[in-house]
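Right, one structure below, let's go through it.
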Amino acid sequence: ITNRSANGYPWNATSNGGSGIASGGYDAEFFEPRNVHQAKGVVNLRATPGSSVKGYTWTSGVLSSYQHFAISGGYIQVDAKIPSTAHGAWPTVWLLPGPQNTSASEIDLFEGGMTLSSSANPNFNFSGFVHEGSHVTGSTVNVGVNLSASYHRYGIMWIPGQSITWYLDNRKIFGVTNRQTQIPVGPMELVLALQIVTAKADGWHTAVSAPVIYQMGIKDVSIWGLSTPPPWVIASGNSNSSATVG
């Protein structure tokens with residue numbers, strides 16, 4: 001857990017007891033270190049109703065790689081069990097600009113709870129996006145499985161300046177290329193968070209309907225270089241064997 005900032009936001013800043021994405025927007029949670037628990041090889045991020053910090057109505061947990069490591073491309077994979085997203089929980093895995101990266105880029109490896117597809121059950125929805133300034137490209141798809149029922153493997157193959165491909169349990173789901181949008185270049189920090197939405201997100205996310213406790217379990221984070229992607233990426237033709245991680 002870091003006590004510095006990623007892209008202007010402090011994540012779990014231990015110096016002042018916690019941190020939050022600017023209040024008044026889409027996020028209802030204030031992140032506190034006490035809402036991050038580790039036991040038996042699993043890190044649990046816990047979201048609980050209520051906050052003593054003005055502007056927030058929930059308390060939750062977050063992990064960030066800031067000042068520990070940055071990623072400049074390759075295959076990034078997170079093994080996680082998300083909570084039910086039917087009532088406003090917003091589990092996320094992000095990449096945000098890291099050291100010396102002044103871009104307005106963001107890569108959403110996974111977002112849960114989106115209602116942008118035809119799926120009647122948001123727990124079946126897998127969402128991934130790339131942000132370049134105000135331009136957003138990506139997709140929300142029904143993957144045919146309840147993602148909140150067990151651990152799943154969420155991954156992307158990111159080839160800077162060329163393409164991003166999203167994977168679930170080693171299976172390609174969808175992708176975008178530089179023909180559709182600008183693909184981020186430069187070091188990025190990895191952020192894993194259990195967010196809770198506010199009413200402002202009602203047009204694209206499920207709404208909070210009950211003050212319950214949510215939990216997101218994280219068993220593993222793995223990263224492959226551009227020159228050595230995992231075999232399922234090579235099989236799907238999304239590797240970049242001539243490139244190296246900067």
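The values are calculated or read from the model by the stated rules, or taken from the named source; none is laboratory data. Since the model is a prediction, treat every value here as computed from it, not as a measurement. Because the Cβ atoms are built from the backbone with ideal geometry, glycine has one as well, and the counts that use them run over all protein chains shown. The protein model used for the area step is the full one, side chains on, heavy atoms only, and it has no ligands, DNA or RNA in it. Shrake-Rupley method; radii C 1.70, N 1.55, O 1.52, S 1.80 Å.
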Which one is nearest to residue 227 (Cα to Cα) among residues in region 119-134 that are among the hydrophobic types (A, V, I, L, M, F, W, C) and open to solvent by 20 Å² or more (accessible area, probe 1.4 Å)?
129
Does region 35-63 hold any residues that are without any contact (Cβ under 8 Å) to a residue 12 or more places away in the chain and among the basic types (Lys, Arg), and which are they?
40
Find all pairs meeting these conditions: Cβ atoms under 6 angstrom apart; at least six residues apart or on different chains; first residue within region 202-226 and under 30 Å from residue 185 (Cβ atoms); second residue of a type in the set (Phe, Trp, Tyr) and open to solvent by less than 30 Å² (accessible area, probe 1.4 Å).
224/75
Taking the condition in a loop (DSSP other than H, G, I, E, B), at pLDDT 95 or above and surrounded by fewer than 24 Cβ atoms within 10 Å (Cβ to Cβ), does residue 52 pass?
no
Name the pairs whose Cβ atoms lie under 8 Å apart, with the first residue in region 142-153 and over 17 Å from residue 113 (Cβ atoms) and of a type in the set (Lys, Arg), the second in a loop (DSSP other than H, G, I, E, B) and open to solvent by 20 Å² or more (accessible area, probe 1.4 Å), and 6 or more positions between them or separate chains?
153/169; 153/170
Any residue at all in region 236-246 that's surrounded by 21 or more Cβ atoms within 10 Å (Cβ to Cβ), β-branched (Val, Ile, Thr) and farther than 19 Å from residue 122 by Cα?
no
Counting only strands (runs of 3 or more DSSP E) entirely within region 135-228, those with at least 2 residues that are open to solvent by 50 Å² or more (accessible area, probe 1.4 Å) and modelled with pLDDT of 95 or more are 171-177, 214-224
Exactly one of 239, 209 is touching a helix residue (DSSP H, G or I) at 6+ places or on another chain (Cβ under 7 Å) and farther than 20 Å from residue 137 by Cβ, and that one is 239
Test for residue 66: is it crowded, with 17+ Cβ neighbours inside 10 Å and part of a loop (DSSP other than H, G, I, E, B)
yes
Residue in region 73-95 that is at pLDDT 95 or above, over 17 Å from residue 216 (Cβ atoms), among the aromatic types (Phe, Trp, Tyr) and open to solvent by less than 30 Å² (accessible area, probe 1.4 Å) present:
yes
Condition met for residue 33 (of a type outside the set (Val, Ile, Thr), over 23 Å from residue 223 (Cα atoms) and over 17 Å from the mean Cα position of the chain (by Cα)):
yes
